[in-house]
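Bear in mind these aren't lab numbers, they're just calculated from the coordinates by the rules spelled out. Quantities reported herein were computed from a predicted structural model and do not represent experimental measurements. Quick reminder, even Gly has a Cβ in these numbers, built from the backbone with ideal geometry, and neighbours come from all protein chains shown.
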Amino acid sequence: MTVDRRKFLTITGSAVSAAILASCNSRGPKSAEKLVKYAERKNEGLERALFRHTSMDATLSGAKFAGTALPSYFVSRTVPLWSDAAMGPWSLEIGGMVDRPIRLSLQQLMDLPRTHQRVNHYCVEGWTAVEQWTGVRFSDLAKLVGAHRDAKYVDFESFDDGYHESWDVESAMHKQTVVAYGLDGHMLGPAHGAPARLYSPVKLGYKNTKYLTRIMFLPARNGGYWSDRGYEWYGGV
Amino acid sequence: MTRLRHHWIVRLTHWINVIALTIMVGSGLRIFNAYPRFARRGETFCCNPWEGHPIPRNLTFGGWLGGARHWHFAMMWVLVVNGLIYVAFIYLHGEWRDLVPRRGYFRDAWEMLKFYLFVRRDHPVQGKHNALQRGTYFVLPWIGLLTVLTGIAIWKPVQLAPLTDLFGGFVWARYWHFVAMLLLVALSFIHVFMVFTVDPYSLRSIITGGYNPENSPEERNARPFINLLPNRARKVEAPE
């Protein structure tokens with residue numbers, strides 16, 4: 001069979017259109033996965049190079065507090081509730097590569113230097129919300145326990161069905177990264193991570209572990225709930 | 001008489017752009033669908049009549065939010081590098097002269113529009129491109145630049161906050177990112193429509209580079225769907 005130019009163009013055109021149609025709503029060709037992964041690693045390098053401790057999140061003056069419009073997310077079937085009766089009094093453990101591992105009760109946490117910040121919440125889904133958080137700067141906690149210099153990663157664990165997310169230590173040490181126990185002037189409620197949660201505008205929402213139980217300084221990254229399910233591990237904003 | 005109409009770099013970057021832009025738009029729409037509105041939580045947004053309405057799934061690419069994000073953040077490099085190569089090439093090689101508005105641009109564009117609307121009978125005299133094409137090909141790279149800048153603004157709204165602020169904050173930057181995408185898509189559809197209904201001969205020129213100026217829309221006095229066949233009568237009339 002000879003293929004003249006016209007036929008060639010028709011065939012190529014149909015093949016390309018078919019490929020485009022077939023790719024609709026698909027995850028894309030399997031063979032491209034490696035390349036996409038490679039791009040993610042390179043992007044992470046760039047994002048970490050871009051990171052500055054002096055880059056601060058600021059909310060626009062006209063922006064309203066989201067209040068009750070702030071969605072409540074958790075991975076357990078029902079709202080994770082800490083029960084003192086069943087689980088003993090809640091405490092936040094800070095350990096791993098530190099000089100002085102500690103265990104803080106909520107009262108002890110609240111007695112530490114307090115910071116209030118009105119910041120944006122950046123969700124991976126594309127929405128933002130303005131909230132005011134009250135808590136302790138992560139950098140103060142790191143000083144308190146004497147974190148080692150070679151602890152380049154931090155894992156934030158919770159009692160929400162194994163939810164955790166590990167971070168690069170630079171992002172954790174950012175001045176706007178706090179362990180928060182207050183939201184909009186009230187104590188944090190169970191819908192948003194009570195008794196205490198991680199909160200920082202320098203990371204996407206899913207990196208900010210709620211229902212905190214333990215903070216571990218680590219020599220290597222330790223994945224995370226959503227990071228292990230295919231979202232970017234870095235998740236920087 | 002066949003002449004070379006498009007340099008191979010222009011042809012190559014054109015087709016890479018087709019693929020990259022398609023994937024960027026498809027994956028971008030999938031990302032958009034995760035929150036198909038612009039309002040900040042607890043607020044309303046003034047300027048999107050379809051607030052809350054997602055894009056039909058079949059027009060999206062990536063399968064799920066995380067997958068679409070990976071594609072978007074990978075393909076953005078192809079789009080940007082390819083775009084830079086194209087712009088640098090047309091600047092250094094001189095093609096830009098056919099792609100920037102000339103003196104009297106709006107008059108020329110108006111005449112062209114009148115011709116397409118049957119108000120004017122004969123095709124305005126043009127160079128490589130007519131005035132409407134010139135305008136389109138001139139603004140496309142600028143809209144492309146806008147999509148890239150607004151894209152960076154919503155990728156890094158804290159680390160690159162001054163850029164995000166330039167577009168009015170995260171919500172507005174995301175909105176302008178979407179609007180710029182819509183413009184690119186609209187112009188691309190018009191472009192493809194005009195190729196098939198006015199100058200299908202140019203398809204060859206963007207693949208092999210070859211083009212016969214005797215078949216140009218100007219020679220054929222072609223409007224959409226009209227005078228698609230070569231103008232043989234005119235050829236006979238002028239032997240010389």
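Values for this structure:
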| read-out | value |
| --- | --- |
| Label-point separation in nm, residue A:64 to residue A:139, each point 7 Å along Cα→Cβ | 3.4 |
| Using θ = phi - 60° and Karplus 6.51 cos²θ - 1.76 cosθ + 1.60, couplings along region B:127-136 (whole Hz; Gly, Pro as x) | x, 5, 10, 7, 4, 5, 5, 3, x, 5 |
| Cα-based helix-to-principal-axis angle, B:8-33 vs chain B, degrees rounded to 10 | 30 |
| Computed FRET value (nearest 0.05) for residue B:1 with residue B:182, which takes r as the C-beta separation and R₀ as 56 Å | 0.90 |
| Estimated inter-spin distance, residue B:221 and residue A:73, nm [label 7 Å along Cα→Cβ] | 6.3 |
| For residue B:32, net neighbour charge (Lys/Arg +1, Asp/Glu -1) across residues whose Cβ lies under 11 Å away | +2 |
| Cross-link pairs beyond the 26 Å C-alpha cut-off, checked among A:37/A:175; A:152/A:207; A:34/A:175; A:42/A:203 | A:37/A:175; A:34/A:175 |
| Helical contribution to [θ] at 222 nm, DSSP H n ≥ 4, -39,500 (n - 2.57), averaged over the protein assembly as shown, rounded to 500 | -13500 deg cm²/dmol |
| Viscosity 0.692 mPa s, temperature 37 °C, Stokes-Einstein D of the protein assembly as shown from Kirkwood C-alpha radius, µm²/s | 127 |
| Efficiency of FRET from Cβ geometry, residue B:81 and residue A:218, R₀ 41 Å, rounded to 0.05 | 0.70 |
| Cα→Cβ-extended label distance, 7 Å offset, between residue A:91 and residue B:46, nm | 5.5 |
| Rounded, prolate or oblate (a/c below 1.5 giving rounded, otherwise prolate when a/b exceeds b/c) for chain B by Cα gyration tensor | prolate |
| Mean Cβ neighbour count within 10 Å, used as a protection proxy, ranking B:153-159, A:207-213, A:112-118 highest first | A:207-213, B:153-159, A:112-118 |
| Global geometry of region A:54-229, whether rounded, prolate or oblate, following the gyration tensor of its Cα atoms and the 1.5 cut on a/c | rounded |
| Candidates A:151, A:142, A:85: whichever shows maximal mean-square fluctuation once chain A is modelled as a Gaussian network with Cα springs under 10 Å | A:85 |
| Cα gyration tensor shape for region A:79-121, rounded if a/c is under 1.5, else prolate or oblate | oblate |
| Cross-link partners of residue A:7 among aspartates and glutamates (Cα-Cα below 20 Å; sequence separation of 8 or more within a chain) | B:199 |
| Under 13 Å from the residue A:41 label point (7 Å along Cα→beta-carbon), backbone N, region A:194-231 | none |
| Under-5 Å amide H pairs with residue A:93, H placed in peptide plane, nonlocal only | A:104, A:214, A:215 |
| Dipole magnitude of region A:54-229 about its Cα centre (Cβ charges: Lys, Arg +1; Asp, Glu -1), debye to nearest 20 | 240 |
